[in-house]
Amino acid sequence: MLPDRWSVAGVSCTALSVWHVFALHSEGNPYVAGGSCDRDAAAGLLLFASLNHADGKRLFSAPLFRARQMRHIMRKLKRAEWSDIDAAVNDYLSACSRVPGHKQVVSKGAKGSQSRQCAAPICWALVDFLSAGNPDKIESAWNTPYTVAKCLFDARRDVSGEDDTLETLEEEIRFDAYQAKEQA
């Protein structure tokens with residue numbers, strides 16, 4: 001159960017949606033794409049997380065809107081210590097992308113277990129699943145919390161008896177490393 005909004009380092013954010021994950025990956029934000037995280041990376045993440053899909057599109061078409069939003073976020077972040085900001089952002093990402101363990105080892109001959117690779121970004125696959133190809137439902141699909149979208153998608157695949165997932169190799173490596181770190 002995710003709250004509709006919560007404060008992340010003093011910035012009011014919605015639950016991380018499919019659109020947020022796609023935009024952050026597209027922007028190459030270090031918190032989701034890997035790399036060195038700093039105050040600017042946190043501000044970039046919070047810039048997107050504080051807006052929904054419709055308002056987020058304005059970040060690309062209205063430079064003054066983007067600058068105003070960024071100034072607002074940076075003012076809030078300047079009041080906090082870096083370690084507090086980093087912890088709050090990591091906690092937010094962890095809470096919003098947590099998906100119950102559902103991957104089971106399935107033997108596929110000599111190949112062992114595999115995850116099916118997806119040609120389209122996983123966020124697009126989730127939007128297609130949620131909207132069922134109906135253009136009128138795309139906006140609400142983009143605003144669906146990422147965790148909810150993944151759980152619905154996986155539940156549908158489990159019900160239909162499919163034994164593979166759309167987890168990309170990068171996600172599998174990152175999740176396995178995270179779980180190993182948590183166990184250590």
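The values are calculated or read from the model by the stated rules, or taken from the named source; none is laboratory data. On a predicted model such as this, the values are computed, not experimentally measured, just so you know. Virtual Cβ from ideal backbone geometry, glycine too; neighbours counted across all protein chains shown.
Rundown of residues vs (1) assigned by TED's automatic domain parsing to the domain that holds TRP19; (2) at pLDDT 80 or above; (3) farther than 19 Å from THR14 by Cα, yes/no style:
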site: TYR92; (1), (2), (3): yes, yes, no
site: SER113; (1), (2), (3): no, no, yes
site: ALA119; (1), (2), (3): no, no, yes
site: CYS151; (1), (2), (3): no, yes, no
site: ARG156; (1), (2), (3): no, yes, yes
site: GLY161; (1), (2), (3): no, no, yes
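Among all residues of the stretch 2-25, there is none that is farther than 18 Å from SER97 by Cα and among the acidic types (Asp, Glu).
Listed here are the residues, each with its yes/no results for (1) assigned by TED's automatic domain parsing to the domain that holds MET70; (2) buried (at least 21 other Cβ atoms within 10 Å of the Cβ); (3) hydrophobic (A, V, I, L, M, F, W, C); (4) part of a helix (DSSP H, G or I).
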{"residue": "CYS13", "(1), (2), (3), (4)": "yes, yes, yes, no"}
{"residue": "VAL21", "(1), (2), (3), (4)": "yes, yes, yes, yes"}
{"residue": "LEU24", "(1), (2), (3), (4)": "yes, yes, yes, yes"}
{"residue": "TYR31", "(1), (2), (3), (4)": "yes, no, no, yes"}
{"residue": "SER36", "(1), (2), (3), (4)": "yes, no, no, no"}
{"residue": "ALA42", "(1), (2), (3), (4)": "yes, yes, yes, yes"}
{"residue": "LEU46", "(1), (2), (3), (4)": "yes, yes, yes, yes"}
{"residue": "ALA54", "(1), (2), (3), (4)": "yes, no, yes, yes"}
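Among residues of the stretch 18-31 that are of a type in the set (Ser, Thr, Tyr), those with a Cβ under 9 angstrom from a residue that is in a helix (DSSP H, G or I), sequence gap 6+ or separate chain, pair up as TYR31/LEU24; TYR31/ALA41; TYR31/ALA42; TYR31/GLY44; TYR31/LEU45; TYR31/VAL89; TYR31/ASN90; TYR31/LEU93.
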